[in-house]
1. Arrange the following residues from fewest to most other Cβ atoms within 10 Å of their Cβ: B:S207, A:S46, A:S130, B:S226.
2. What's log10 of I(q)/I(0) for the range A:152-226 at q = 0.14, 0.23 Å⁻¹, Debye sum over Cα points only, no solvent?
3. Please tell me which of these pairs span more than 30 angstrom C-alpha to C-alpha: A:K13/A:K350; A:K5/A:K161; A:K93/A:K335?
4. Where does helix A:435-444 land angle-wise versus the long Cα axis of chain A, in degrees 0 to 90, nearest 10?
5. Give me the inter-chain shielding for A:379-388: mean count of other chain Cβ atoms within 10 Å, whole number please.
6. Can you give the Rg to Rh ratio of chain B, both from alpha-carbon atoms, with Rh computed by the Kirkwood formula?
7. Can you give the mean number of other chain Cβ atoms that lie within 10 Å of the Cβ atoms in peptide A:596-606?
8. Report, in deg cm²/dmol and to the nearest 500, the calculated mean residue ellipticity at 222 nm for chain A, where each DSSP H run with n ≥ 4 adds -39500 (n - 2.57) and the sum is divided by the residue count.
Amino acid sequence: MGKDKRFYNSTGKFLMTGNEALVRGCLESKINFIAAYPGTPTTDISETFSDLLAADPNLGEFITQHWAINEAVSISQAAGAAWTGARALAPMKHVGVNVASDALSVITLNGPNPGSLVLVVGSDPGSLGSHQEQNERFYGWMFNIPIIEPQTPQDCHDWIKIAFDVSQKHDIPIYFRTSTRSAHSRGFVNVNEIHLEKGNQVFVRDIPKYCSLPPHAINNHIRLYQRLEAVQQQIKTLHINSILPGDNKTGIITSGIPYGYTLEALNALNLNDVPVLKLGMIHPLDNGQIRDFAKDLDRVIIVEELEPFLEVKIGEILHKERVRAEVIGSQYFPKYGEFSIGLVASSLAKIFNVSTAGIAGQVTRAQEHFNQYAPIIPKRFPTFCAGCPERATLYAIRKATNELANTVVAGDIGCYVMSFFPPMETSDFIICMSGGLSAAIGIATQTKQNIIALIGDSTFLHTGMAPLADAVSNNSNITLIVFENNWVAMTGGQPVLGLTEGKLSIETITQAIGVKWVRVADPYKVDATVDLIRKARTEPGVKVIIIKRECMLQRSRARAGQIRRLEAGGKEVRKESYTIEACRMCGECFEKLACVAIRRTKDENNDTVMQIDEDRCNLCSVCYQLCPNNAVKKNIHNVCGEEVKI
Amino acid sequence: MWRGGEDLMVAAKVKGDHRIFNCVLAGTAGQGVITIKRLLEFAAQEAGYEECFGSEMHGLAQREGAISSHVRLQRIISPNPRENIQAPTICYGDADLVLGFEPVEVLRSGVFLAAKTKFVINDRTIQPILVNAGKEEYPSLEKIEEIVRGYTKDYIFLPATQLAIEQLGDAQKMNLIILGVAFGAGWIPHISIENCEKVICRELRDSDLNLRALNIGIEFGTRTISRNK
């Protein structure tokens, strides 16, 4: 892989996503260590580091990148590195902070010095790449962690350096809050010199600092208030808060991506006299700056996504400072979902009582016009790739249980999260990473129904081993199906720590935990898989079926490469294809299996028939095996050619 | 029929070189929507655009889902930050151009469309699973075209996937054909074809094939526009 000059050149203006800009900023601020469990929208931070390290082994002298097994491990790894004087980064998605929170609460008490620690949190208003949209900013209040929130890729680049410096100076972790939108937006970034430097590379004992138990826990708590206050005093010197002045008696305070929506909405509404305060640091707040901004105003509008956070704090500050401006926001803006320029413009038009003749009307008309034809747009749920081993397994589960009769299916987080979407509708509930198996244990105490829990290999290693040990100890009557596809597939195919390179084995782990009945199944052998799921039902206690097939997305890419190389070398490759002839439209393949390579179309007589798109089919042969009418035909070309396994 | 009256939108309010150009790219996962988005941005940089901001979607959207990306370009940054691009996504009814890699996905981006919007639309459908399962209907291409015509006459429907298969032997290249049509129609301001060719050679593997795809599109776009005049 060649070098990407955006991460090597000393100066220049480059197109970068927020995440890429953040990585570049880290390279300019002496970063030493990155630990992360994959999670949208932060995964590509670690991936970029991983690519850079692969392209330039010399970088490894200064920087180590780890895929961690979960977020509690990654944040603690990062803290450990910081305690040897390293500059450490722990990127995680918003729900990752829930997992990390136990460790984070103590790490914050201890402080990261002599090194520094920045926690990058990718929030997700609108739940664009997550199972929920929790407002994780409150962790900043709960643990007394300063939060910096960038808007543009340039902010990501510039402010990550500030985050490291503040962390270092004040012995406090910094919470660098991006969002799905800011992390995955791309824009111009002016870069500076790369700055690489090793940490102290030694741990120095300091029991009162690193052992936050009584009495040190209380002393560190006191010290934490002092550290947070010191950060608060320093805010104005960081120059990450900025004001656009204006004469209007109503002003706006906002931060991050909503600042952009606000400014464009104001321009569109011809309200360019409204003063706007953009907060780069959203916790703690610079009380003096808030007071001075609001003291001559009648109203202060807070524009923020999700639950009121700034609104609560700013209301409190203005009350204490005896500023009379009314604080408004959440009564005009939704407390859920993602904002947009259109949404902010509509709400501001109401607050400012702007007539609907201008943009406010235009926004409404665009929406109304769209609403006229929106009902004819078919839904396009995300679903499994063609040939996905998980789709084949879901089919086998439904077949083995006679369409889920008297069966409870515990879903979990991973690609198989999509199994609740129609037409499969297989999972009954989904909680969080490994929440499915845990809930299944509870269900098993109350019912004799057939309980099947789903879990991926990476999720199993993340937090699934503990509930499995619990289930074994309680002798819970559960069949656990582990998808061992070798990749963290949902986030785009990162290696499963330990598993992809063969250091760990799910089979050995589950047996060591004490599961007596462990079987391995190939989901592309439909009947055998169905039989195994049926058999598991008749066995007592915890049963584990390991579904062993590589993620088809990864496999098909590798396979295409193998075929290209063979053909380039003049070799013939044996090729298979599947076609449908004399289809009776029974629905087994297109409704129950619901493979995306099988398309509904019309034949020459204008009759509805199903057809397999050759360019999308990944040759798993599952539809060929399950068709009750033998309508799916297998064709082999170059019979004597080299075989490349699927 | 669109009854929005004249477009009074954000972009139209800012005059001259500070004007913002808004493009929506709509398709499904695996069609190369983000690749084309990035090419357009690189080409804009090559052409000297001072500001560029746009949104991509990663993660969940990869799984056969709908993809909508936005590209926003501004030739000269205004000294007044209130007139500049500040958000990575565009306002409702403010799209100048839609590149539709899949027909129904153009409608899914409908909230961004208005009378000023120009459209390039591939006619090859990718049916969602519920359509294949017989649980939902995919609207006819005639119906989709009728809705587009309700906004404007400036649209080009073309068999981009078919052209890509017939002329290039690679269905995926429909994405560069679509981009080429927009260039050929003159719907991408201030970016020359040379700018675009340069970034294709720099950023993509197999640049010969990709340049051919772009030029098939350019030719199609140019021909369609001159015929309509």
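1. B:S226, B:S207, A:S130, A:S46
2. Per q value, in the given order, log10 I(q)/I(0) is -0.70, -1.12.
3. Cα-Cα > 30 Å for A:K13/A:K350; rest within.
4. Taking the Cα atoms of chain A, the angle to A:435-444 is about 60 degrees.
5. 6
6. Rg divided by Rh gives 0.95.
7. Values: counts 7, 1, 4, 5, 6, 3, 0, 0, 0, 0, 0.
Neighbouring Cβ atoms belonging to other protein chains average 2 per residue here.
8. Value at 222 nm, helices only, nearest 500: -11500 deg cm²/dmol.
Every number in this text was worked out from the coordinates using simple rules, so none of it is lab data. In this text, all values refer to a predicted model and were calculated from it rather than measured experimentally. Glycine also receives a Cβ, built like all others from the backbone with ideal geometry; neighbour counts cover every protein chain displayed.
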